[in-house]
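Readers should treat all values here as calculations from the given coordinates under stated rules, not as data from a laboratory. On a predicted model such as this, the values are computed, not experimentally measured, just so you know. Please note: Cβ atoms are built from the backbone with ideal geometry, for glycine as well, and neighbour counts cover all protein chains shown.
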Amino acid sequence: MKLPFSSDGGYGAGAAIGVVVLSTDETLEPELRQVTAGSGASLYHTRIPFDPVVTPHTLAQMEDELPASLRLLPKHTKYGAIGYGCTSGATIIGSARIAQIVHARFPGVAVSDPIAAVIAACRALGVKRLGMLTPYRLDVTMAMRDLLQENGITISTFGSFEEAEDYKVARITEQSTLEGLLQVEAADCDAVFASCTNLRSFTVIEAAEHQLGKPVISSNSAFVWHLHKIAGISGPVAGPGKLYSI
């Protein structure tokens, strides 16, 4: 027998955030959920194919893959924001181009990516000089350094684990991340930044801040903070570090 039912907006009727996650990423979703679980935002993700080796060429290839990945997000959800979850990919492809591709599928939705989020976080914190930790090979790190400096953020010092294979980045210990953050801090920097959505950081950000006496942000902490901001989520949003107190 056919039964009657009533309808409402579903989980997506409240605050909804969509995220494009790399097929090789094992860290972004677990860290983002630590924030969205408390904020009440519904998180929807899709995957984008990515080569396991991170190079400027493999990063640039994702520009062509992005439309197909976006088509896999639920189309009837009313998103407050959609994010492309790759710091180095956004650096190579460009935030404006990513927003253009997202708007072709979801017109008018606010768009973020981790490098745009880091720039926004630095401006919110009043950061002009940054110490930077990355897992990337040098050409990827240098492209990110140049982009940040073009946006008025001087890189005082940087260090890298120089690991090109993404699955190995996901297995760098949080203790190594903490030690790296402490090593790239310089006396003249205002904050320290750990780049890469696949580099685990959430459990050590506050410990690093305590030891350094200055703000510490990561790709994921800035990204999920920015997604909530641009989605217009006004309630309390809890996450690691001083960024979430402003």
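General observations
- Sites residue 63 and residue 149 - FRET efficiency at Förster radius 25 Å, r taken between beta-carbons, to 0.05: 0.60
- Long-range HN-HN contacts of residue 128 with modeled amide H, under 5 Å: 190
- Stretching the chain fully between residue 164 and residue 5 yields a gain of 52.0 nm (0.36 nm per residue, less the alpha carbon separation).
- Between 0 and 90°, nearest 10: helix 28-39 axis offset from the chain longest Cα axis: 70
- Put a plus charge on the Cβ of each Lys and Arg, a minus charge on the Cβ of each Asp and Glu, and nothing anywhere else: the dipole of region 89-246 about its Cα centre is then about 480 debye.
- Region 117-227, relative contact order in percent, only Cα pairs under 8 angstrom and at least six apart counted: 33
- Pairwise centroid distance, computed over Cα atoms, of region 122-196 with region 19-43, Å: 21
- Shape of the chain, Cα gyration tensor, a/c cut at 1.5: prolate
- Annotation: the residues 92, 17, sorted from fewest to most other C-beta atoms within 10 Å of their own C-beta, follow the order 92, 17.
- Cβ-Cβ FRET estimate between residue 174 and residue 244, R0 fixed at 22 Å, reported to 0.05: 0.75
- Gyration tensor verdict on region 116-218 (Cα atoms; rounded if a/c is under 1.5, prolate if a/b is larger than b/c, oblate otherwise): oblate
- A Förster distance of 45 Å, applied to the separation of the beta-carbon atoms of residue 78 and residue 187, puts the FRET efficiency at 0.45.
- Put simply, the amide H of residue 160, placed in the peptide plane, has neighbours under 5 Å in 134, leaving out anything fewer than 5 places away on its chain.
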